[in-house]
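The numbers here are math on the coordinates, done by the rules we state, and not lab data. Nothing here was measured: the structure is a model prediction, and the numbers come from that model. All Cβ positions, glycine included, derive from the backbone under ideal geometry; neighbour counts span all protein chains shown.
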Amino acid sequence: MNSPDMTKDSANRRAAFRMALLSTIFGVSLTGVAHAALDEVVVTAQKREASLQDTPISMAAFSGDDLDKRGAANISDVGDFTPNIQFDSSVALSGSSNSASIYIRGIGQPDFIASADPGVGVYLDGVYISSSMGGVLDLLDVERVEVLRGPQGTLFGRNTIGGAISVVTKKPDNEFSGSAELTLGEFERINAKASINVPIVEDVLAARIGVSTKNSDGYADRILTGETMGGEDTDALRGMLRFTPNEDWDINFAFDYTKSKDDSPQSSLVGVSAVPGPPPPAGTWAGAYNAIYGIANMAVYDESFVLGDNEKSMATGPTGVDMDLWGASLNMEWDLGFATVRSITAYRTWEAEFGRDPDHSPIVIIQQAYEHEQDQFSQEFNIFGSAFDDRLDWLLGAYYFDEHAEEFTDVPVVPDLFTCCGLPISGGGTQVMDNENYAFFGQGTYQITDQLGVTLGLRYSHEEKNMINGSRKPQLPGMPYLLTNRNASATFNSLTPRISVEYKPLDNMLLYASYSEGYKGGGFVARYLFPRAEPLAFDSEEAQTYEVGFKGDFFDDRLRLNGAAFFSEYENIQISVFNFGVPEIRNAAEGEIKGLELEATAVPTDNLTLNAGFGYIDAEYTKIDPGDLVGVLVPFDTSAAFQNTPEYSWNVGIEYLLPFANLGDLRLRTDYSYKTEIANDAVNTPQLIQDDFGLLSASANLELADSPWQFTVFGRNLTDEDYIISGTSDIASIGIIEAVWGRPREWGVTAKVNF
């Protein structure tokens with residue numbers, strides 16, 4: 001039998017041989033690195049700092065460095081490498097490239113209008129962002145992004161029925177530091193970003209500020225006007241001032257500003273139902289145009305406008321977005337010894353003009369021009385601490401939110417029919433929305449034993465919504481439009497509990513089972529073709545979710561494996577459908593959703609890091625109420641697939657570090673994500689169903705030895721996949737189907753210096 005010393009010597013010889021072989025292959029001297037192990041990830045998913053592996057929630061967390069390595073451009077890219085999340089950066093109805101539509105586990109919201117709440121909440125440094133517009137946050141000076149799956153109705157509150165995304169930015173510290181980087185790339189891209197941290201008074205006052213600019217040409221053409229789609233022109237500023245007068249106080253004042261003059265995203269016409277000649281097929285307005293007006297004037301709207309090239313359009317109507325957004329928050333924490341008190345006071349506001357031409361033709365079948373502005377104020381108080389020899393972690397909170405939004409929409413619908421025949425077909429108007437919400441909540445986790453714990457939480461929410469709707473009322477030819485104002489108000493109350501049992505059979509393993517509830521607020525339909533006697537209302541929706549999961553670190557912290565399985569009962573589902581050319585929200589369905597997530601990160605060798613994720617969702621409607629679908633011309637039944645919900649999603653990432661003794665470290669990374677079939681509207685229009693597709697990205701980063709410089713070459717969507725990210729179809733009344741497409745293959749180079 002070999003002695004331990006002989007075995008150790010043999011292993012050392014084998015390691016030396018491998019190093020010599022690699023040195024021979026690469027022709028350079030390779031140096032080893034320290035023993036690699038997975039770092040602890042600290043998150044705030046339960047309103048206080050805790051390890052990711054000790055948090056009994058299905059979630060993923062990415063540091064700012066992780067996102068940079070994966071080539072993420074903004075937070076929407078987390079959808080490419082997080083199981084069971086679909087994050088679209090453009091809502092089909094908007095024409096904007098910064099209107100978030102997020103689905104987690106089959107629950108979300110496809111509309112941007114202020115009267116429709118999101119199903120997944122987005123938070124910036126603890127501040128809820130209520131609007132879809134401006135919700136695709138930049139990654140400027142980001143510390144980490146947390147993705148919480150499943151209802152978060154207890155600690156985060158309303159409109160987190162599907163989950164929550166929390167963006168945490170970097171705080172100032174007492175070290176002078178900074179960085180600057182420049183990126184050049186495809187489509188004449190020129191991006192620049194810089195940040196600096198400045199200690200002002202040692203251990204008392206520090207400041208941090210970051211700025212960025214993103215500029216690129218459009219890559220898709222409006223061939224009749226010379227305009228482009230897909231271009232970017234966005235400037236952003238983010239800063240924070242931190243005041244710590246003593247060890248008990250931590251006061252942070254943060255502000256951010258974004259100015260965008262982007263192109264509209266790449267979109268194209270993918271289907272029409274209009275053909276020339278009377279009678280108009282199925283009563284479509286495009287068909288009516290041809291039958292009544294088009295033939296005599298040789299301006300026929302038909303499939304000739306479906307160009308078959310996703311990067312070309314014959315649209316001539318409104319396009320582009322001009323948006324100004326800014327926010328400020330004051331986050332104060334006071335350590336009382338037995339507990340900590342936190343206050344978060346925030347104000348955010350934005351205004352924007354944007355538009356779209358969904359018929360993609362020089363004929364005005366329908367166009368949309370928007371002028372929106374919104375502001376919100378929120379105040380949250382928390383007090384949290386520990387008791388009973390630290391066996392009980394507890395938190396109590398109160399929350400207040402006030403929102404005001406004004407929307408003006410101009411929607412000419414077949415105006416040639418109006419001027420020719422006096423038919424009252426037009427739409428648009430002004431809506432004013434006011435929303436007030438307050439809530440009280442609490443949660444506690446008690447360790448019955450060192451291994452067994454129980455969590456109980458409850459939140460009460462009260463919400464009042466008011467709307468003034470000024471619909472346009474068509475008159476006789478030559479007469480001006482009149483506004484018919486209708487006021488509406490509604491109140492919503494909700495109790496959302498959370499119950500969880502956690503068990504740690506080993507120090508590095510957590511098992512848990514939980515029950516949680518969430519709700520998304522109801523509201524009013526704000527779009528009308530013709531004035532109504534009173535606005536159409538829709539109720540809030542609810543979800544009850546049962547979840548079991550595990551989290552563990554294994555093999556000397558070289559493998560992290562987390563997984564969860566869930567079952568949700570989904571009630572009063574808010575379905576977005578078209579009623580005679582107008583998108584409306586109806587509580588038309590109930591459903592059940594079950595599935596699972598698995599995520600793994602491994603460092604099998606000191607220089608190699610692997611990560612993978614797998615998601616499965618089985619979502620089905622259990623009930624459709626025909627009474628809630630009156631006026632909807634396209635059939636819709638329980639066989640329909642959930643919108644924005646692929647059955648399977650998976651991703652893999654490989655990162656390899658090559659240390660070169662005389663040059664520096666070369667980091668090679670590739671990521672691949674895959675999703676199965678996705679329905680991009682509720683009625684599953686065939687032209688808007690995205691088939692299975694995968695996205696491949698790669699990068700090579702060189703960090704120079706004994707130098708603050710590093711250089712990166714990267715590529716995204718390297719296989720140049722054509723894929724739909726959102727779409728809209730009103731084939732039965734307007735007669736058109738429009739798709740919005742993801743970005744094509746792109747490459748770039750980045751130079752970065754740290755100081």
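Lysines near Lys504 by alpha-carbon distance under 16 Å, same-chain residues fewer than 8 away left out - which ones?
Leaving aside lysines fewer than 8 places away in the same chain, those within reach of Lys504 are Lys551.
In percent, how large is the relative contact order of the chain, given Cα pairs closer than 8 Å and 6 or more residues apart?
Relative CO of the chain lands at 12 percent.
Which order results if Lys520, Lys193, Lys594 are arranged by neighbouring Cβ count within 10 Å, fewest first?
Lowest count first: Lys594, Lys193, Lys520.
From the square roots a ≥ b ≥ c of the eigenvalues of the alpha-carbon gyration tensor of the stretch 44-158, which class results: rounded (a/c under 1.5), prolate (a/b over b/c), or oblate?
Oblate, since a/c reaches 1.5 and b/c is not below a/b.
Assuming 0.36 nm per residue, please report the length gained on full extension of the stretch Leu456 to Asp720 beyond their Cα-Cα distance.
90.2 nm
Would you please classify the overall shape of the chain from the alpha carbon gyration tensor, given that a ≥ b ≥ c denote the square roots of the eigenvalues, rounded means a/c under 1.5, and beyond that prolate means a/b larger than b/c while oblate covers the rest?
Prolate.
Packing-wise, with mean Cβ within 10 Å as the measure, how do 321-331, 736-746 rank, highest first?
736-746, 321-331
Suppose R0 equals 60 Å; then what is the FRET efficiency for Glu592 and Asn754 from their Cβ-Cβ distance, rounded to the nearest 0.05?
0.75
I'd like to compare 444-450, 545-551, 434-440, 89-95: which one has the highest average count of other Cβ atoms within 10 Å, and what's the full order after that?
So the order, starting with the most tightly packed, is 89-95, 545-551, 434-440, 444-450.
So, by mean Cβ neighbours within 10 angstrom, what's the order for 391-398, 583-590 with the highest one leading?
Put in order of decreasing packing, that is 583-590, 391-398.
Provide the gained length on full extension for the span Glu351 to Thr676, in nm with one decimal, where the gain is 0.36 nm per separating residue minus the Cα-Cα distance.
Full extension of this stretch gives 113.3 nm more.
Could I have the simple spin-label model distance between Glu188 and Glu464, label points 7 Å from Cα toward Cβ, reported in nm to one decimal?
Each label point is offset 7 Å from its Cα along the Cβ direction, giving 5.3 nm.
Given 0.36 nm per residue, what is the gain on full extension from Val341 to Trp326 after removing their alpha carbon distance, in nm?
2.7 nm
List the lysines whose Cα lies under 28 Å from the Cα of Lys261, skipping any in the same chain that are fewer than 8 positions away.
Of all the lysines, those that pass the test against Lys261 - Cα under 28 Å, at least 8 places apart if same chain - are Lys69, Lys170, Lys193, Lys214, Lys312, Lys752.
Taking amide hydrogens as modeled 1.01 Å from N in the peptide plane, which residues meet the under 5 Å criterion relative to Thr228, leaving out close sequence neighbours?
Excluding prolines and chain starts, which carry no amide H, the hits are Arg222.
Between Ile223 and Phe554, how many nm apart are label points set 7 Å from Cα along the C-beta direction?
Calculated label separation equals 5.6 nm.
List every residue whose amide H lies under 5 Å from the amide H of Ser726, counting only residues 5 or more places away in sequence or on a different chain, with H placed 1.01 Å from N in the peptide plane.
Val740
Treat each spin label as a single point 7 Å out from the Cα along the C-beta direction, and report the Leu561 to Asp203 distance in nm.
4.7
Relative to the first principal axis of the alpha-carbon coordinates of the chain, what is the inclination of helix 4-26, with its axis defined by its Cα atoms, in degrees from 0 to 90 and to the nearest 10?
Rounded to the nearest ten degrees, it is 50.
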